[in-house]
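Accompanying notes for the structure given below.
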Amino acid sequence: MNYTSNLLFVTVPKSVEQLSKQLQSKIVDPLILQTLIDFSVRYWKGEEICHKEWEALLKNSYLPLTMIENLFSGVLNLTLAVFQIPEKLFTPELVLAELIQFGLAVEQAEQITKLKTTSAPNIPKLPKLNHVKWRIDVTISTSDVSRILEPWILMEINLESGDQKTVHIPVAQFHSLRYQVASCLNQFSKMPV
Amino acid sequence: MTKNFQLVDLAWELGVTAASSCEEQVGQTYVRIKMKLNTGSSLETTVMELSLKQFYDLLHELEKAQNNMK
């Protein structure tokens, strides 16, 4: 089955393809799908879905566990794709049309489209660098050696999350760091952005 | 209740800051103390950096404790 997904996916994941097939064959109960959508929103917010809720879902559905799991995987990928659309590219009508194309009912497609503006997913991402402080220390003497006079760099890295990392960099490692940063900057300048 | 860890090893380092992104730190002398502590279940390493004044304050307190032990 061919999908024209422009905003949500570059390549439609297999789980979403399977979800779409199940939806279009009308074997998925709308209430079960609604529960899976609610579960996925809670999942991306970092909320725990307790075992009893899953058991209740399986009890109310005549579908086997593996199919429910596959459906949930598809719904997770779909909702995540909506969250990940960049702000400047997000057009609600186009997203709605794509979701309906995958076999979702209009109400559910509208609910998922609205997630972008109403929910903030707790998707783990790498911490961002906020600020760097450095100093060059010269060790005069230690408990092991009376006279060293060895220079090294102490760097304090402050992250946006509030975490602070202090690292001790020997001179040789610092030159290696400088080289890597220079290589990275070189690649930046070559990028056609 | 505070936990009492046993000091297993202590190492120190004396140095001076030759340059820094914060200008006020340049020329400052520091003493860095690395303590290896026995927590009961594992060995923990704690590092602390003291300015000269803080180091002399610590030395003063240690000498007071030693005098009281005699």
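Here are some notes:
- C-alpha long axis of helix A:106-118 to longest principal axis of chain A, angle in °: 20
- Dividing the summed -39500 (n - 2.57) terms of all DSSP H runs of n ≥ 4 by the residue count of the protein assembly as shown sets its mean residue ellipticity at 222 nm at -14500 deg cm²/dmol.
- Formal net charge of residues neighbouring residue A:100 (Cβ-Cβ distance under 12 Å; K, R +1; D, E -1): -4
- Dipole of chain A [Lys/Arg +1, Asp/Glu -1 at C-beta], most positive-end residue of A:162, A:64, A:185: A:185
- Given 14 as the ceiling on other Cβ atoms within 10 Å, longest exposed-site-free region of chain A for GluC sites (Glu not before Pro) in DSSP loops: A:49-159
- The charge dipole of the range A:14-118, taken about the Cα centre with unit charges on the Cβ atoms of Lys, Arg (+1) and Asp, Glu (-1), comes to about 100 debye, rounded to the nearest 20.
- Charge tally around residue A:60: other residues with Cβ under 15 Å, Lys/Arg +1 each, Asp/Glu -1 each, net -2.
- Spatially proximal lysines relative to residue A:116 (Cα-Cα < 21 Å; intrachain offsets below 8 disregarded): A:45, A:88, A:125
- Using θ = phi - 60° in the Karplus curve 6.51 cos²θ - 1.76 cosθ + 1.60, the 3J(HN,Hα) couplings for the range B:35-43 round to 10, 9, 10, 9, 7, x, 9, 7, 9 Hz; x is entered for Gly and Pro.
- Karplus-derived 3J(HN,Hα), 6.51/-1.76/1.60, for each residue of the range A:97-102, Hz, glycine and proline x: 4, 5, 5, 5, 4, 6
- Projecting the Cα atoms of A:152, B:51, B:65 onto the dipole axis of the protein assembly as shown, where Lys and Arg carry +1 and Asp and Glu carry -1 at the beta carbon, places A:152 farthest toward the positive end.
- Among the trypsin sites (Lys or Arg not before Pro) in the range A:1-93, those located in a DSSP loop and surrounded by at most 16 other Cβ atoms within 10 Å of their own Cβ are A:26, A:45.
- Residues A:154, B:7 arranged by fewest to most Cβ contacts within 10 Å: B:7, A:154
- Under a 5 Å amide H cut-off, with hydrogens placed 1.01 Å from N, residue A:140 pairs with A:149, B:14, B:15, B:16 among residues at least 5 apart or on other chains.
- Förster-model FRET efficiency, 30 Å R0, residue A:47 and residue B:42, C-beta, rounded to 0.05: 0.30
- For the protein assembly as shown, a crude dipole built from +1 on the beta carbon of Lys and Arg and -1 on the beta carbon of Asp and Glu, taken about the Cα centre, is about 300 debye to the nearest 20.
Where a number appears in this text, it was derived from the coordinates with a stated rule and is not lab data. It should be emphasised that the depicted structure is a prediction, and the values quoted were computed from it without experimental measurement. Every residue, glycine among them, receives a Cβ derived from its backbone with ideal geometry; neighbour counts consider all protein chains shown.
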